Amino acid sequence: MSRVGVFVCHCGSNIAGTVDVEHVAEEAAKLPNVAYATTNKYMCSDPGQQAVREAIIEHNLDRIVIASCSPRMHEATFRKMLAGTDINPYMLEIANVREQCSWVHKDKDVGTPKAIDLVKMAVAKVNYDAPLTTTTIPVNKRALIIGGGIAGMQAALDIADAGYPVTIVEKESSLGGRMVMLDKTFPTMDCSACICTPKMTDVGAHPNITIKTLAEVESVGGYIGNFEVTVREKAKYVDYDTCTGCSLCETKCPSKVDSEFDQGLAKRRAIYRPFAQAVPAKPTIDAKNCRKLIDGKCGVCEKVCPVGSIKFDDEDKVTTEVYGAIIVAIGYQLIDWTKIYGEYGGGRFKDVISGLQFERLVNASGPTEGHILRPSDNTEPKTVVIVKCVGSRDPEKAKSYCSRACCMYAAKHAHQYLDKVKDARCYIFYMDIRTPGKGYDEFYMNTQHDGARYIRGRVSKIINQNGKLICKGEDTLLGSQVTVEADMVVLETAMVPADEANQIGSMLGITRDKDLWLSEAHPKLRPVETNSGGIYLAGTCQGPKDIPDSVAQASAAAMKVAILFSKDELESNAMIANSNKNLCNGCGACVAICPYGAITLEEITARENSVMVTREISKVNPGLCQGCGACTVACRPGAMDLRGFTDEQIMREVAALCQW
Amino acid sequence: MTAIQESIQKRAAELLESGEVTQVIAWTNGRFTNQTSPLFIQNAADAGKIVFNEYCVNTLAKYVLNEKIAGKVGVCVRGCEARGINRMIADNQLKREEVYLLGIPCEGMKDRETGEALDKCLTCTHKNPVVYDELLGAEVTDTVSEEIDKVRFAQIEAIEGMSREERLEYFNNVFNSCIRCYACREVCPVCTCRECFVDQLRAGWQGKQNNLNENRFYNLIRVFHIGDRCVECGECARACPMGLPLMELNRKWIRDLDELFAAGEEGLSDELDNTLGRYKTDDIEEFM
Amino acid sequence: MSVVNDTQAAASTGTETFEPKILAFACHWCTYSGADLAGLNRMSYPANVRVLRVPCSGRVNPQYILTALNKGVDGVLVCGCHPGDCHYVSGNYYAKRRLMAFRRMLQYTGLEPERFQVRWISGSEAGKFRDTVTSVVEQVRELGPYKPDPALAALIDSSVDASNPVLPEGGEA
């Protein structure tokens, strides 16, 4: 016979106000196996916990029920308390008589009998609680970072500086991501390359960091501390071990294609580095555009290479390694406005450009060497219209969210333009100005002082007329239509998740929100964790943000990894599935259903009915099982059960409920 | 049919003689006119007892499980048996190499009392075995699947057409008539648990009383357990001593899974791929 | 307690003050926290529902639903995370398939559809939890008590499971 203690909490008047707690305790004392029942003003307080500890000894209790607030609130508290007693921490059930009883019912006539029922259910369940123990799983102290932008690099440097090996998987041929494409950064106007490229160099030179470029994660198996990750490094056709990065090949290559880095505003060769300061500082061959690789006629790079590094027979390299933690830092892309905004020309007008194209135009190492020139005729635009919220805050046509950084970089663009072009006029169409951040609003005010004219309203149409872009819109503050004849229009487009977000999210078991941003475990309290243990988020893959926020989040994620790596092993979940080998017929339904690959079939040989029989049964890996219980329902003979939520416990709860 | 019977006798004798199999499962004559019963022979000399006629109503698949322990089993497989064998291999209860399958094309069997075609044969979608080691006799033509489906789902559509009260009364009558002999389970090639849920002593599991509640529980959970694996051999309904229309429960499940999740027919391959053991993120939604 | 006894008596005699018993299986990660949030926001809903916490809607075995109905609840509600939001990746997708098929089977054999319902309710949807519970209670109240076996109903109302006081040591095998 078990000896159950029932402790009913007043929670001040939170529970006692609408539940007659004394009566609940009296009724609880009458239940089978209940050896002791009492109340306490605040069960979770130190004196409350002490009272439980004393009652356990005095009444020789072997399991307890706490009738209090939600188990989501204090189950962990009371487990911890039990850990200091002779009772196993899992010999505990919580009856939720606050959130799901006293707070939702108005008087004691209703609240009290319901609370008694909830206690009955908890007592019925606790009678079938069993002591549970955890096992430990080893932690491989190596981190994988997916994405080599500013967030990925910051996280990598922090973890590497903490002394742990890090691998960065970058899909492009160089680190740097979006940040390195920018010209200057608000609000301090320091040059993006000047602060980003040193970080790239640091990452490249760090002894603890391995960089895999032109690489993507193919598959991820395993679990926290033990992720088995397969990475495919695409063929580069250049031997990085011997290449000196002299870039002679780049100057001789005859194929010219649009440069992705310069947003199509300039050309690059088929063998190329995306930009001069690329890390690794070595070229790759773009197989789609290389004449030698297409039809075998060229090979000039091979001829000019002084060290013979060109390898036209290079192949993809697929490696599988084990990592203890993964940080996802796959960043963002800009929304393809040309498909959505036909009224802005849908991409047909050369001088309607995106903010990122403007960044390249204004950049000293960009295609125009920093001179702001119209892409159509290379003349200096005298009037520029900047349109904000293109794709953002537009639930009908694109995204409903605010992209957060655009107000600031629009102000920056205006400032840069007015600074570089004399007698220039700049109009900014906006919906609202959102400049929370240190020095941000001051920056915006300065832009207005520079002469930028802010017009509150959306541009409804852009017409290309005699080389001018006629922007029609409404000034909603004046309540009148406005028309601006512009030479160039800059669209500050919405950030959207990277193409890979959905695939990587599903591979790693990270949930995505309706816009496919990767979801953090808790929007406030666990902003860099995901619901999958050992997998963290950094930067814009979680949602639009600016550089300081991305860097801060990256360092936070790195810290989480460092905390994980500070332990040699982890405690596994105690409430996991387990299979009864006598009942299991080895049908494998559970194996197919387990989302964590935690169940395998194992051959056993045993004497059954006086015959030696070899058969297969299912076996649960305690390190992998997360305790969802989906397998238990798939198991027809009921061999698979879930500790802490056993069939027996649930059925006893149902039975107790039916007595009401 | 006599030709097939002779082929089975011949091959059974040869297989036993050569030691390729230790046992052959087939049919033999029963005590009554036009009655057959399953036959298990270990000696080539007994091959003459094998009978194959239009009254071989028993589906033999499930018998293999008990017999395989003594060695490789030769078994006659028609469409229904073959799908059962596939099912048991998919469920990891049998290995393909543990059986030698004598394939038999089958035009359907008859009820010995009425002389009419068996219910389960009227809805047969695979008259030829879907897996075999050798085929004895020429393949026969399957009925067009749309036409079969009309018959297959005719009864459940009729039931669905009833009012709720009528359906309740109809099935309460069915469940009330159940004597819980578990014959349906014993013959079912999907029911391969070591200990069936009904035999376990667990609180809130299957009660031991015979009453409407417990009988409903048994029949509905039986369907839940086999619904997405049922190979539609119809043996449960045939074996039921109370003549309960058990396939009307199975088929409801089968058709719903077909319509909702494009389940398709079971037992056509020996890979485990249960409809309820997989999902699609864009599965039809009705719980929002 | 007297209130409950009164309503129970009323229920068994079939007078108009029938108070249905509703069992709600709720996923710990979403609906259970949504129900907590309803409390936090001091929402109010009928006291006829008892929430049974499970780790995931994928843990809910159809056997529980039948047993609950057989033992005397008047309606069962199963709640889980919205598809795509499962804490355990896929539990609710499996639950969806199982319960869609099982629900059709129960209706096919004559159960009123209102007596067994499934809803996806997230941790932030306190209002949806309240509304769902309220509507299920109202629907089942209208249907009246569930008598799965007319011959046994009287017996169930009186004795139910008080016959089960003998408990072994520990729980699990």
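Couple of notes before you dig in:
- Restricting the calculation to Cα atoms, the stretch A:268-355 shows an Rg/Rh of 1.11 when the hydrodynamic-style radius is the Kirkwood one.
- Rounded to 5, percent antiparallel among DSSP beta bridges of the stretch B:2-135: 40
- Across the stretch A:113-217, the mean sequence separation of Cα contacts (distance under 8 Å, 6 or more residues apart), normalised by length, yields a relative contact order of 28 percent.
- With the simple spin-label model, which puts each label point 7 Å out from Cα in the Cβ direction, the A:I604 to A:A276 separation comes to 7.0 nm.
- Nearest-ten-degree value, helix A:108-126 long axis tilted from longest Cα axis of chain A: 90
- Counting Cα-Cα pairs of chain A in 20 Å increments starting at 0 gives whole-percent bin shares of 16, 36, 30, 17, 2, 0.
- If R0 is 51 Å, the Cβ-Cβ spacing of C:D131 and B:D199 corresponds to a FRET efficiency of close to 0.75.
- Beta bridges from DSSP with both residues in the protein assembly as shown: antiparallel share about 45 percent, rounded to the nearest 5.
- Whole-number D in µm² s⁻¹ for the stretch B:27-77, Kirkwood Cα-pair radius fed into Stokes-Einstein, 25 °C, 0.890 mPa s: 208
- The largest-to-smallest principal axis extents of the Cα set in the stretch A:235-315 are 32, 29, 22 Å.
- If the chain linking B:E113 and B:K95 were pulled fully straight, counting 0.36 nm for each residue of separation and taking away their Cα-Cα distance, it would gain 2.8 nm.
- Each label point was placed 7 Å from the Cα along the Cα-to-Cβ direction; for B:D283 and B:M1 their separation is 4.5 nm.
- Note on A:Q50 and A:D450: the extension gain reaches 137.3 nm, defined as 0.36 nm multiplied by sequence separation minus the Cα-Cα distance.
- Most mobile listed residue (B:I50, B:I85, B:I104) in chain B, GNM with C-alpha springs under 10 Å: B:I50
- Normalising the average separation of contacting C-alpha pairs (under 8 angstrom, six or more residues apart) by the number of residues puts the relative contact order of the stretch B:2-135 at 23 percent.
- Fraction of alpha-carbon pairs over 20 Å apart in the stretch B:145-277 - percent: 48
- Nearest 10 degrees, 0 to 90: helix A:647-658 Cα axis against chain A principal axis: 70
- Max-minus-min Cα coordinates of chain B on each principal axis give 62, 44, 44 Å, with the largest extent listed first.
- Expected 222 nm ellipticity per residue - DSSP helices of 4 or more, -39500 (n - 2.57), all of chain A, to 500: -8000 deg cm²/dmol
- C-alpha long axis of helix A:46-58 to longest principal axis of chain A, angle in °: 40
- Cysteines having no other Cys beta carbon under 4.7 Å from their own, within chain B: B:C56, B:C76, B:C106, B:C121, B:C124, B:C178, B:C181, B:C193, B:C196, B:C230, B:C240
- Estimated FRET transfer efficiency when R0 is 60 angstrom, pair B:N53-A:V318 (beta carbons, to 0.05): 0.50
- Percentage, to the nearest whole number, of Cα pairs in the stretch A:334-495 over 19 Å apart: 52
- Comparing mean-square fluctuations of B:F217, B:F32, B:F171 from a GNM of chain B with C-alpha springs under 10 Å, the top value falls on B:F32.
- Spherically averaged projected area of the convex hull of Cα atoms, the stretch B:2-135: 7.7 nm².
- P(r), alpha carbons of the stretch A:491-636 - 5 Å bins starting at zero, rounded %: 2, 8, 14, 14, 14, 12, 11, 8, 6, 4, 3, 2, 1, 0, 0, 0, 0
- Only Cα pairs under 8 Å and 6+ residues apart enter the sum, and on that basis the relative contact order of chain A stands at 13 percent.
- Sites A:T483 and A:A364, calculated FRET efficiency, Cβ-Cβ separation with R0 41 Å, nearest 0.05: 0.75
- Springs between Cα atoms under 10 Å define the GNM used for chain B, and in it the highest mean-square fluctuation of B:I41, B:I89, B:I69 occurs at B:I69.
- Other-chain or far-sequence residues with amide H under 5 Å of A:S572's (modelled H): A:T135, A:T136, A:I137
- Geometric descriptor of the stretch C:2-155, per residue, is 104 Å³ (volume of the convex hull of the Cα atoms).
- The stretch A:471-551 - Rg and Dmax from Cα coordinates, angstrom: 18.8, 55
- Percent of beta bridges antiparallel (DSSP, chain A, rounded to nearest 5): 55
- Note on the protein assembly as shown: along the principal axes its Cα atoms extend 109, 81, 59 Å, ordered by decreasing extent.
- Cβ-based exposure ranking for A:T85, C:T31, A:T112, in which fewest neighbours within 10 Å come first: A:T85, A:T112, C:T31
Each value in this text was obtained by applying a stated rule to the coordinates, not by laboratory testing. Just so it is clear, the structure is predicted and the values come from calculations on it, not from any experiment. Because the Cβ atoms are built from the backbone with ideal geometry, glycine has one as well, and the counts that use them run over all protein chains shown.
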